[in-house]
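Data block below; observations after.
The values are calculated or read from the model by the stated rules, or taken from the named source; none is laboratory data. The structure presented is a predicted model; accordingly, all values stated were derived computationally and were not measured. Here the Cβ positions follow ideal geometry from the backbone for every residue, glycine too, while neighbour counts run over all protein chains shown.
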Amino acid sequence: MYVCLCKNVTDHRIRHAVEDGARSWREVQQVTGCGTQCGKCACTGKDITREAIRDELSAAAQGLAYAV
């Protein structure tokens, strides 16, 4: 789905930015340009960013090995 029409940013592009290492809304904005023009998409963009970061951190934590 398109999140930012001004910069043609989709939710997939936001998730991809997080997969590539963005760990904050500001970093996602720098990579995608989302929320930097009119700002109407900022709330939705932030929500998607939070969810994507949470998913990335959860996936990374599942890969940790614990000493016995």
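Kindly indicate whether A17 is touching a helix residue (DSSP H, G or I) at 6+ places or on another chain (Cβ under 7 Å) and among the small types (G, A, S). Steps first, please.
Working: touching a helix residue (DSSP H, G or I) at 6+ places or on another chain (Cβ under 7 Å): yes; among the small types (G, A, S): yes.
Yes; evaluated as a whole, the condition is true for this residue.
Report, by residue number, each residue of segment 13-42 that is among the polar types (S, T, N, Q) and assigned to a helix (DSSP H, G or I). Outline the logic, then answer.
We begin by selecting, within segment 13-42, every residue among the polar types (S, T, N, Q); these are 24, 29-30, 32, 36-37.
Q29, Q30, T32, listed by residue number.
Give the residue, chosen from A60, A65, that is assigned to a loop (DSSP other than H, G, I, E, B) and either modelled with pLDDT of 95 or more or more than 9 Å from the chain's Cα centre (by Cα) (or both). Please lay out each step first, then the result.
Numbers: A60 fails: assigned to a loop (DSSP other than H, G, I, E, B).
Just one listed residue meets the conditions, A65.
Tally time: how many residues in segment 48-57 are at pLDDT 95 or above and touching a helix residue (DSSP H, G or I) at 6+ places or on another chain (Cβ under 7 Å)?
Qualifying residue count, segment 48-57: 4.
In segment 1-14, what count of residues is obtained for those that are loosely packed, with under 15 Cβ neighbours inside 10 Å and either among the small types (G, A, S) or in contact with a helix residue (DSSP H, G or I) (Cβ under 9 Å, 6 or more places away or on another chain) (or both)? First the steps, then the outcome.
Of segment 1-14, the ones loosely packed, with under 15 Cβ neighbours inside 10 Å are 1-2, 5-6, 8, 12.
This time we only want the ones that are either among the small types (G, A, S) or in contact with a helix residue (DSSP H, G or I) (Cβ under 9 Å, 6 or more places away or on another chain) (or both), so: 1-2.
Final tally of qualifying residues: 2.
Sort out which residues of segment 1-30 are at positive phi and polar (S, T, N, Q), and write them in order of number.
Correct list: N8 only.
Output the residues belonging to segment 17-49 that are surrounded by fewer than 15 Cβ atoms within 10 Å (Cβ to Cβ) and closer than 13 Å to V3 by Cβ. Steps first, answer last, please.
Let us first name the residues in segment 17-49 that are surrounded by fewer than 15 Cβ atoms within 10 Å (Cβ to Cβ), namely 19-21, 23-24, 26, 30, 37-40, 43, 47.
The answer is Q37, C38, G39, K40, C43, D47.
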